[in-house]
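Computed from the coordinates by the stated procedures, all read-outs in this text should not be read as laboratory data. It should be emphasised that the depicted structure is a prediction, and the values quoted were computed from it without experimental measurement. When we count neighbours, we look across all protein chains shown, and the Cβ atoms used for this are built from the backbone with ideal geometry, even at glycine.
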There are 2 protein chains.
Amino acid sequence: MTLDQNWFTERCKEAGSAFSLQIKRKLHDEQTPFQHIEIYETEKFGNLMTIDGFVMLTTRDNFVYHEMMSHPVLYSHPRPRRVVIIGGGDCGTLREVLKHPEVESVVQVDIDERVTRLSEQYFPELCESNADPRAELRFGDGIQWVKDAEPGSVDVIIVDSTDPIGPAEGLFSGPFYKDCLRVLGSDGLLGQQSESPLYHTQSIIRPMHDEMRKAGFLDTLTLHFPQASYPSGWWTATIAAKDMPVTFLREEACENKPFATQYYNDAIHRACAATPEFLRRALLD
Amino acid sequence: MTLDQNWFTERCKEAGSAFSLQIKRKLHDEQTPFQHIEIYETEKFGNLMTIDGFVMLTTRDNFVYHEMMSHPVLYSHPRPRRVVIIGGGDCGTLREVLKHPEVESVVQVDIDERVTRLSEQYFPELCESNADPRAELRFGDGIQWVKDAEPGSVDVIIVDSTDPIGPAEGLFSGPFYKDCLRVLGSDGLLGQQSESPLYHTQSIIRPMHDEMRKAGFLDTLTLHFPQASYPSGWWTATIAAKDMPVTFLREEACENKPFATQYYNDAIHRACAATPEFLRRALLD
């Protein structure tokens, strides 16, 4: 069958696959100084934001991504007080991070303020904590922000970026990881979205581990989770630990987390780093 | 963007989503007495078999499904000697089951012999164990086969069927589960594909648990795994245990399995039943 014009389709060129959502109407279309943002109302996935034709998030399934970008790395740090989010302009990761009472400050640095303003309008539930006094929303170059930050001034860095093409390319590189390492304090953790295990193990996940370790991180670990609206429906986050094993978990806090989630829980925390056999082999030295 | 005629698209009506694969050419097209089978050569996913327009399997990603339909349930049984596969005509699950030296006999009952003959031609790697003397390939009604089987004559039943519409509908029902329970011996396990957690928790997964327990199974558990070419890219199998907890695992055998896999391993076994929060809540009584 073919899909008529009432569908949004994202093609994944390198995999010869495509994912489509049935849409009711386009709500917004804007070329910012950085990228082309479109918002659609879909039939069954709520609202959809795309950037340069790629799905960023939908109302229906963003919960998995945002929970898995924030809670695993935060419960893997012994005392996460100072958090930085690079990218993350839709504020979904920010909302999850702010659910942790032990977090004292979160700086979010996205290059494009329009992503945040449109998220406030079309994904208001993700922005419900933006006025939290612990949160600081900055709009600028995240790579530069990390370069300029004080050594040892951050506990957890979360890189919630677009794919490693265009403005986000520098976030997947050795020099950026070296800056992150310098900015992180003792026990510091870096968590970064790392694309699809099925499509990007050799092109992105394995090189990311190599670059993080070459930059000086002691340990690295890739978590995986379902994400229907991203290519292959299967996604990862990779965590790099400055000076401790990345498998640490604040068990009691995690088992008694004082907030609600839709995907994450302590069983998922323990499970999400179980490495599929092909990925385990690909990450062997 | 729209996709031209060089793409196969499967639309998931209830979710307003679609998945597409870029194709080189159609290799086969056949209406059998039971269903419409098509085989395509894709650009990046190897060969693709569809039945009535729905993706059955691709060369590239079937390994996850077939491994997760077989190894978890087999390592959860203390001594799986006699196995029955209902459906499974492509023989991929059969191949995985036959990797277990402790299995003494496998009967596969698919209603449509043409699925198997076409799999032999276009997915020969899945059929490489079909001549194993422990395997018996039958073509007929799996529901009737279970109805006619001797009580206590089977250790593990695997239901590797199409969606619960058309010929497979009866495989998702109380009377079938009652027959399975009768046919299973002590410690017997039933494992069945149970669709997408994101799309079918309320319509299929929860009712399946209820029907299995009403039929007399002591315990039930849903496993989840990525499956790029199925709707939402996220799939499940649900295991029902006749008379023991379904969380049993032959740890030493699993950790030292004498065969290679691409997705499954002992870490994945322990992880795949970690229940996402929304699914855990949906399955609460």
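For region B:1-137, averaging the sequence separation of C-alpha pairs within contact (under 8 Å, six or more residues apart) and dividing by the residue count gives a relative contact order of 16 percent. Within straight-line reach of B:LYS24, meaning a Cα separation under 23 Å, sit the following lysines at least 8 residues removed in sequence or on another chain: A:LYS13, B:LYS44.
B:SER153 label points, 7 Å along Cα→Cβ, one per copy: pairwise distances from this copy to the rest in nm, shortest first? Label point to label point, same position, other copies: 7.5 nm. A:PRO258 label point (Cα plus 7 Å toward Cβ) to equivalent points in the other copies: 5.5 nm, shortest first. In a reduced charge model with +1 at each Lys and Arg Cβ and -1 at each Asp and Glu Cβ, region B:2-58 shows a dipole moment near 140 debye about its Cα centre. Across the options B:PHE225, B:ALA274, B:ALA260, the greatest Cα extent toward the positive end of the charge dipole of region B:220-285 (unit charges at beta carbon of Lys, Arg, Asp, Glu) belongs to B:PHE225.
Each residue, B:HIS28 and A:ALA253, gets one label point 7 Å from its Cα in the Cβ direction; the gap between the two is 5.7 nm. For the peptides B:133-146, A:267-280, residues were scored by their other Cβ atoms within 10 Å and the scores averaged per peptide; the highest-first order is A:267-280, B:133-146.
Take A:LEU218, move 7 Å from Cα toward the beta carbon, and the resulting point lies 4.5 nm from the same point in each other copy, nearest first.
Measuring r between the beta carbons of A:ASP243 and A:SER129 and using R0 = 25 Å, the FRET efficiency lands at 0.25.
Chain A residue nearest the rotation axis toward B, with distance: A:GLY233, 1 (Cβ to axis, whole Å). Between B:GLY188, B:ILE158, B:ILE111, the Cα set farthest toward the positive side of the dipole of region B:71-208 (charges on each charged residue's Cβ, about the Cα centre) is that of B:GLY188. For the pair B:HIS36 and B:LEU218, how long in nm is the line joining their label points, each one 7 Å along Cα→Cβ? That separation, rounded to one decimal, is 4.7 nm. Here A:GLN262 and A:GLU136 are evaluated by their C-beta separation; at R0 = 35 Å the FRET efficiency comes out at 0.85. The Cα center of region B:1-71 and the Cα center of region B:253-284 differ in position by 26 Å. This model, with +1 at the C-beta of Lys and Arg and -1 at the C-beta of Asp and Glu, gives chain A a dipole about its Cα centre of some 400 debye.
Nearest 5 is fine: what % of DSSP beta bridges in the protein assembly as shown come out antiparallel, could you say? For the protein assembly as shown, the DSSP antiparallel bridge percentage is about 65. Counting lysine pairs in region B:62-284 that sit 8 or more residues apart in sequence, or on different chains, and whose Cα atoms lie under 22 Å apart gives 7. Across chain A, the volume of the C-alpha convex hull divided among the residues equals 124 Å³ per residue. The charge dipole of the protein assembly as shown, taken about its Cα centre with unit charges on the Cβ of Lys, Arg, Asp and Glu (plus for the first two, minus for the last two), comes to roughly 400 debye. Measuring nothing but how far apart in sequence close Cα pairs (under 8 Å, 6+ apart) lie, relative to its length, chain A scores a relative contact order of 16 percent. Built from the Cα atoms of the protein assembly as shown, the convex hull projects on average onto 24.4 nm², one quarter of its surface area.
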